[in-house]
Amino acid sequence: MSTSKAPDRVLPDRPETRPLERFWPYTDVSEQPSDEELAKVDPDLREALFGPLNLPFSVSLIFPDFEGEACARAVRLARASDEYFEKDSEGKHWHRARFYTADRPMRLRDLYLIVAGVPGNEVLINDRRVPYARELWLPMVWLLIR
């Protein structure tokens, strides 16, 4: 059985075309992500990439669109939050509103009272799911209301 020996050099001595020196097809991409792009990044990934952020204590409410006129009011209150983001996932339109609770905790309470009964809503403390977020953390924030 004879085996053919592979040639030592695969490339020709004189290439017919010159390879492109750019590898990225988009030349206008900014070097740094925008604040809006950073807000969309998963908190764990953001912390791994950029280190811990020195953000104040925050509570985020995540809720899907729901039926009724209360939805328009909830979206209006969410858009007035400190950080607002919306996305489509699992066939639903989701809203995420982050509130820094030190200055005006009533904004958070007003939105929570509307979306508390909406199936699928979530309460995040500093962008993380924590035990007893509704039962313990939110009442502690309500204590800040004067």
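Rank by packing, highest mean first: peptides 125-136, 70-81, 41-52, with packing defined as the count of other Cβ atoms within 10 Å averaged across residues. Intermediate results must be reported in sequence, preceding the final value.
Working: 125-136: 12.5, 70-81: 16.7, 41-52: 10.8.
Highest mean packing first, the order is 70-81, 125-136, 41-52.
What list of ³J(HN,Hα) couplings, whole Hz, do you get for region 94-104 from phi and the Karplus terms 6.51, -1.76, 1.60, once you set θ to phi - 60° and write x for glycine and proline?
10, 10, 10, 10, 9, 10, 8, 7, 5, 9, 9
For a label point 7 angstrom out from the Cα of residue 103 toward its Cβ, which stretches of region 48-88 have the backbone nitrogen within less than 18 Å?
Within reach of a label on residue 103: 54-61, 77-85.
In whole Hz and in residue order, list the ³J(HN,Hα) couplings for region 111-128 that follow from phi through the Karplus curve 6.51 cos²θ - 1.76 cosθ + 1.60, θ = phi - 60°; x for Gly and Pro.
Per residue, the Karplus-derived 3J(HN,Hα) values read 5, 4, 4, 7, 9, 4, x, 7, x, x, 6, 9, 10, 10, 9, 6, 6, 10 Hz.
Using the Karplus equation 6.51 cos²θ - 1.76 cosθ + 1.60 (θ = phi - 60°), what ³J(HN,Hα) coupling, rounded to whole Hz, does each residue of region 36-52 give in order, writing x for Gly and Pro?
Result, ordered by residue: 5, 5, 5, 5, 7, 6, 4, x, 5, 5, 4, 5, 5, 7, 10, x, x Hz.
Looking at region 22-146, what % of the alpha carbon pairs are farther apart than 24 Å?
It works out to 34 percent of all Cα pairs.
How do 110, 13 line up, fewest other C-beta atoms within 10 Å first?
13, 110
Mind listing the long-range amide H neighbours of residue 58? Cut-off is under 5 Å, sequence gap 5 or more, other chains count too, H placed in the peptide plane at 1.01 Å from N.
Long-range HN contacts for residue 58: 126.
Which value, in debye to the nearest 20, gives the size of the charge dipole of region 55-142 about its Cα centre, when Lys and Arg are +1 and Asp and Glu are -1 at the Cβ?
Values: 13 positive and 13 negative charges, 42 e Å.
Magnitude of the dipole: close to 200 debye.
Just so you know, all these numbers are worked out from the coordinates, no wet-lab data involved. Being a predicted model, the structure only gives us computed values, none of them experimental. No Cβ is skipped: glycine too gets one built from the backbone with ideal geometry, and neighbour counts run over all protein chains shown.
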